[in-house]
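Student: Dumping the structure here so I can ask a few things about it.
Rule-based calculations on the coordinates, nothing more; no lab input. Please read all numbers here as calculations on a predicted model, not as lab measurements. Cβ atoms come from the backbone with ideal geometry, glycine included; neighbour counts cover every protein chain shown.
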Amino acid sequence: MTAIAAVPEKPGKVKAFLRLVAIEHSVFALPFAYLSALVALDRLDTGIHWVDLLLVTVAMVSGRTFAMAANRILDRKIDALNPRTQNRELVTGAVSLRTAWTGAAVSLVVLFVAAGLLNPLCLLLSPLAVIPLVIYPYAKRFTNFPHYVLALAQAVAPVGAWLAMTGTFDGSGPAWLLGVAVGLWIGGFDIIYACQDVEIDRKIGVHSTPARFGVRTALHISTVTHVLTFALFVWFGQMVGLGWLWWIGLALTAVAFAYQHIVVTPNDLSKVNRAFFTANGFVGIALFLFALLDLILL
C-alpha cells in the first residue's frame, strides 16, 4: 500500500491572528506601564488596585494588538515585496483580510471598554492614543524617521497607566518622563531592526533612517537615541526617589544596551533578531522587577 503523507493541520483563525500580531511582543512596553502604575499607586498610598492593573493590562494588550493588526493590514502589499516579510500571514493567506479587520475592530472595542471601566479621563483620551498607532504604518511612506512616530505611539503607555490609577494629570510628570524614555528606547531599536531592509526599502520606495542615511549612520543615530533613553531612565529614578535596587537594574540595562550595539554592526546584521528580542525583552522585565523590589523593600 502507498503511504499517504500527513497534511499539516491548518492553524485556527485565532491562533493565526495571534501569530500575525506577534502577541508575545507585548513584553516590551507592558512592564513600563506597570512601573508607571505602581509608582502612581505608591504616591497615592492607597494600596494595590488589582482590578485597575488588570484593566491596564487588557487596554495595553488590546491597543497593541490593534496597532499590529492595522500595521499588517496597511503594509500587506509592501510585505509581499520584501523577501524577509513574504511569509507573513496576510501575504500567504494564513489569515484573511476579513479576519485581520475583525481582530483589529474587536481589539479597538476592548481598548475603549477597558478605558471606560478605568475612569472617564481614560475613556476621553483613548481615541487620541489610537491616532499615532494608525499613523505609524503610513509614516514609512512620507518620512525618513518613521521610528520616532512609533516612539510617540509607545510613549503613551506609561502616561495612560498613570492616568488609569489617578484619573488626573496632576503630578503626572514622572509618567511623561518615563513615556519619552520608553518611546525613544523602542524607536532606537526599531532603527536597528530596519537596517535589515535597506536595499529592498530603497528599491520599493519605503522610507526609513537606514534607507536614507545608510546602515552605519543609522546605527550611530540609534546609539545616540539609546544614550538619551538611558539618561531619561536615570532622571526618572531620581525624580521618583527610587533606591539602590533601581540602580542595579539600570546597570544591567546599560549592559543590554551596550550588547545590542556591539553585536549589530554595519558589516554584520546577522544578530539583529538577537538584539531585538533578547536584549530588549530583558530591558523591560529587568527594570520593572528591580523597580518593583525597590518599591516593596525600600
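Student: Within region 266-273, identify whether any single residue is under 20 Å from Phe145 (Cβ atoms) and part of a helix (DSSP H, G or I), and answer yes or no.
Tutor: yes
Student: Do we have any residue at all in region 206-222 that's under 19 Å from Phe277 (Cβ atoms), in contact (Cβ under 8 Å) with a residue 40 or more places away in the chain and among the aliphatic types (A, V, I, L, M)?
Tutor: The answer is yes; a qualifying residue exists.
Student: Let me ask something additional. For Ser126, are the conditions met, namely being closer than 28 Å to Lys15 by Cα, part of a helix (DSSP H, G or I) and out of contact with any Ser or Thr (no Cβ under 8 Å at 6 or more places or on another chain)?
Tutor: When the stated conditions are applied, Ser126 passes them.
Student: Run Leu150 past the list (1) touching an Asp or Glu at 6+ places or on another chain (Cβ under 7 Å); (2) surrounded by fewer than 18 Cβ atoms within 10 Å (Cβ to Cβ); (3) free of Cβ contacts under 8 Å to residues at least 60 places away in the same chain and report the number of the one that doesn't hold.
Tutor: Status for Leu150: all satisfied but (2).
Student: Do we find a residue being more than 20 Å from the chain's Cα centre (by Cα), without any contact (Cβ under 8 Å) to a residue 40 or more places away in the chain and farther than 25 Å from Leu81 by Cα anywhere in region 262-275?
Tutor: Checked against the condition, which is being more than 20 Å from the chain's Cα centre (by Cα), without any contact (Cβ under 8 Å) to a residue 40 or more places away in the chain and farther than 25 Å from Leu81 by Cα, region 262-275 yields at least one hit.
Student: Looking at region 124-139, I want the residues that are closer than 23 Å to Asp190 by Cα and have a partner that is of a type outside the set (A, V, I, L, M) with Cβ atoms under 6 Å, at least 6 apart or on another chain. Which pairs are those?
Tutor: Short answer, once both residue conditions are applied: Pro137/Asn71; Pro137/Asp75; Ala139/Pro146.
Student: Would you check which residues across region 109-128 are surrounded by fewer than 19 Cβ atoms within 10 Å (Cβ to Cβ) and either closer than 19 Å to Trp176 by Cβ or of a type outside the set (A, V, I, L, M, F, W, C) (or both) and list them?
Tutor: Once the filter is applied, which keeps residues that are surrounded by fewer than 19 Cβ atoms within 10 Å (Cβ to Cβ) and either closer than 19 Å to Trp176 by Cβ or of a type outside the set (A, V, I, L, M, F, W, C) (or both), region 109-128 yields Gly116, Asn119, Pro120, Leu121, Leu124, Leu125, Pro127, Leu128.
Student: Could you list, in sequence order, all residues of region 89-111 that are over 15 Å from Phe66 (Cβ atoms), over 22 Å from the mean Cα position of the chain (by Cα) and assigned to a helix (DSSP H, G or I)?
Tutor: Val91, Thr92, Leu97, Arg98
Student: Can you pull out the residues in region 187-197 that are surrounded by fewer than 24 Cβ atoms within 10 Å (Cβ to Cβ) and among the aliphatic types (A, V, I, L, M)?
Tutor: Answer for region 187-197, where residues must be surrounded by fewer than 24 Cβ atoms within 10 Å (Cβ to Cβ) and among the aliphatic types (A, V, I, L, M): just Ala194.
Student: Considering each of Asp170, Asp201 in turn, give the residue that is closer than 29 Å to Leu54 by Cβ, surrounded by fewer than 24 Cβ atoms within 10 Å (Cβ to Cβ) and acidic (Asp, Glu).
Tutor: Asp170
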